[in-house]
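Participant: I have a structure I would like to understand better, so I am pasting it below and will then ask my questions one at a time.
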Amino acid sequence: MTICLTTQGRDLESQMDPSFGRSRYFVFIDEDERVLEVIENQPAAHGAGVQAAQIVSEHGAGVLITASVGPNAYGGLQAAGIKIYTGAKGTARDALAAYRDGTLIHTTAPTSGGHRGGRA
């Protein structure tokens, strides 16, 4: 299974980004923590969450680990069948460990009101 983490850098030592739709990078890894691909996010002024959800889906992620997710992104991720885990902090490696330990929140609703354009 492919896992996507929203980060401020290109590897597992990077800090988690506090936003999903406007995250700097999407780091895709496999179950053995091998980095499969890194996508630099270039969010549009409007619809960044929907665009980000599409990227995550197109790259085959079954799980998303992020700090928070807004309503538009949430809908797209849910429609794609991606399991969403929020509350991620620290480095991507820390967030992955929290996911494996079961301490992240399996999200069943948006966790933020979303952004109205611009980086938070």
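Participant: Could you list, in sequence order, the residues of the range 94-103 that are in a helix (DSSP H, G or I) and either surrounded by 15 or more Cβ atoms within 10 Å (Cβ to Cβ) or not basic (Lys, Arg) (or both)?
Facilitator: Applying the first criterion (in a helix (DSSP H, G or I)) to the range 94-103 yields 94-101.
Residues satisfying the conditions are ASP94, ALA95, LEU96, ALA97, ALA98, TYR99, ASP101.
Participant: Being of a type in the set (D, E, K, R) and within 11 Å of the chain's Cα centre (by Cα) is the filter here, so list the residues in the range 54-89 that pass it.
Facilitator: Quick first cut of the range 54-89, residues of a type in the set (D, E, K, R) only: 58, 83, 89.
Once the filter is applied, which keeps residues that are of a type in the set (D, E, K, R) and within 11 Å of the chain's Cα centre (by Cα), the range 54-89 yields only LYS83.
Rundown of residues vs (1) more than 13 Å from THR6 (Cβ to Cβ); (2) modelled with pLDDT of 95 or more; (3) of a type in the set (Asp, Glu), yes/no style:
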{"residue": "ALA48", "(1), (2), (3)": "no, no, no"}
{"residue": "LEU64", "(1), (2), (3)": "no, yes, no"}
{"residue": "ASN72", "(1), (2), (3)": "yes, no, no"}
{"residue": "ALA80", "(1), (2), (3)": "yes, yes, no"}
{"residue": "THR103", "(1), (2), (3)": "yes, yes, no"}
{"residue": "HIS115", "(1), (2), (3)": "yes, no, no"}
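Participant: Among the acidic types (Asp, Glu), on the phi > 0 side of the Ramachandran plot and surrounded by fewer than 16 Cβ atoms within 10 Å (Cβ to Cβ): is that true of GLU33 in this structure? Give the derivation first.
Facilitator: Working: among the acidic types (Asp, Glu): yes; on the phi > 0 side of the Ramachandran plot: yes; surrounded by fewer than 16 Cβ atoms within 10 Å (Cβ to Cβ): yes.
It is true that GLU33 is among the acidic types (Asp, Glu), on the phi > 0 side of the Ramachandran plot and surrounded by fewer than 16 Cβ atoms within 10 Å (Cβ to Cβ).
Participant: Could you please find all residues in the range 75-88 being surrounded by 24 or more Cβ atoms within 10 Å (Cβ to Cβ) and not in a loop (DSSP other than H, G, I, E, B)? Outline the logic, then answer.
Facilitator: At the first step, the residues of the range 75-88 found to be surrounded by 24 or more Cβ atoms within 10 Å (Cβ to Cβ) are 77, 84, 88.
Within the range 75-88, LEU77, ILE84 meet the criteria.
Participant: So, one more: If THR108 meets every condition in (1) more than 17 Å from ASP17 (Cα to Cα); (2) polar (S, T, N, Q); (3) touching a strand residue (DSSP E or B) at 6+ places or on another chain (Cβ under 9 Å); (4) surrounded by 13 or more Cβ atoms within 10 Å (Cβ to Cβ) apart from one, which number is that one?
Facilitator: Against the list (1) more than 17 Å from ASP17 (Cα to Cα); (2) polar (S, T, N, Q); (3) touching a strand residue (DSSP E or B) at 6+ places or on another chain (Cβ under 9 Å); (4) surrounded by 13 or more Cβ atoms within 10 Å (Cβ to Cβ), THR108 comes up short only on (4).
Participant: Now, a different point. Which numbered condition trips up ASP30, out of (1) at pLDDT below 95; (2) in contact with a Phe, Trp or Tyr (Cβ under 9 Å, 6 or more places away or on another chain)?
Facilitator: (2)
Participant: I'd like the residue in the range 39-89 that is touching a Leu at 6+ places or on another chain (Cβ under 9 Å) and β-branched (Val, Ile, Thr) and, out of all such residues, is farthest from ARG24 (Cα to Cα).
Facilitator: ILE82
Participant: Kindly provide the set of residues from the range 12-46 that are closer than 22 Å to MET1 by Cα and assigned to a strand (DSSP E or B), ordered by number.
Facilitator: MET16, TYR25, PHE26, VAL27, PHE28, ILE29, VAL35, LEU36, GLU37, VAL38, ILE39, GLU40
The values are calculated or read from the model by the stated rules, or taken from the named source; none is laboratory data. The structure presented is a predicted model; accordingly, all values stated were derived computationally and were not measured. Cβ: placed from backbone, ideal geometry, glycine included. Neighbour counts: every protein chain shown.
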